[in-house]
Amino acid sequence: MSGHSKWSTIKRQKGANDAKRGALFTKLAREIITAARTGGGDLDANYRLRMAVDKAKANSMPADNIKRAIEKGAGGGADGEQYDEVTYEGIGPASVAVIVAAMTDNRNRTASEIRSVFSKHGGSLSTVAWQFEQRGLLTVPLNGRDPDEITLAAIDAGAADVAAPDEGSITITTVPADLEAVRRALSDAGYEADSAELSMEPTTTVEITDEKAARSVLQFVERLEDLDDVQAVYANFDIPVELLEQLEAQVA
């Protein structure tokens, strides 16, 4: 698991405060609206929408909010909410490569805000996508079950890789096209994933062991994640788990 993936897991387990949870629901709703607008409101026929809804449920988004977002996207006409999907790339503190996925109704505003965060943290926008590759990621809770059995089921389902169990769950990697097939196969075998999504995973990582540098990188990533238009931030830093846990409470 990359340093950034581990950091995301730590934050998810800690839970968000009310203000951040409200911002998260807004981001989740935006993804649901866009998915429903582009592929329709049928979860069975629209895989992207189903992934968005599953992610919303995993983050305890109220069912009424999810329903309204689907209806808004599927039934919205020209006057409905529409967002452009844009991606930004750059180098942050400690030469960490970063990809920022955003949804916006104002590209100029979003670009300005993201550029400002990079600049304030000594970074700059530049091409780094070659340091990442798209992968499907599933997280399956162990719930007291044998991780070897889940691993074998995942491999039989066509998983590309299975990570060692961590924090009571196991992370399974697939090629993007196989994500849904693997999720369904695991579900049929009795192993329900609590998250399934497409992610940009680093092919090379930047190891960071200095506390000051690690703090700077985490603050930088969180500033980007806090922007209203940012849906996801992918980074290639690799910070030791012990240092991550030490800094976790210090990063606002």
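None of the figures in this text is laboratory data; all of them are computed from the coordinates on show. Just so we're clear, the structure is a prediction, and the values are computed from it rather than from any experiment. A quick note on method: Cβ atoms are made from the backbone with ideal geometry, for glycine too, and the neighbour counts reach across all protein chains shown.
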(request) Mind scanning Lys72/Lys120; Lys20/Lys120; Lys57/Lys120; Lys67/Lys120 and naming the pairs with a C-alpha gap bigger than 31 Å? (result) Lys72/Lys120; Lys57/Lys120; Lys67/Lys120
(message) Please give the Cα centre distance for region 179-252 versus region 26-87, rounded to the nearest Å.
(response) 23
(request) Note down the magnitude of the dipole of the chain about its Cα centre, charges +1 on Lys and Arg C-beta and -1 on Asp and Glu C-beta and zero elsewhere, to the nearest 20 debye. (result) 820
(request) Return the calculated 222 nm mean residue ellipticity for the chain, to the nearest 500 deg cm²/dmol, obtained by summing -39500 (n - 2.57) across DSSP H runs with n ≥ 4 and dividing by the residue count. (result) -15000 deg cm²/dmol
(request) Please order Tyr234, Tyr83 by the number of other Cβ within 10 Å, starting at the fewest. (result) Tyr83, Tyr234
(message) Projecting each Cα onto the charge dipole of region 116-192 (Lys/Arg +1, Asp/Glu -1 at the beta carbon, about the Cα centre), which of Leu179, Val117, Thr151 comes out farthest on the positive side?
(response) Val117
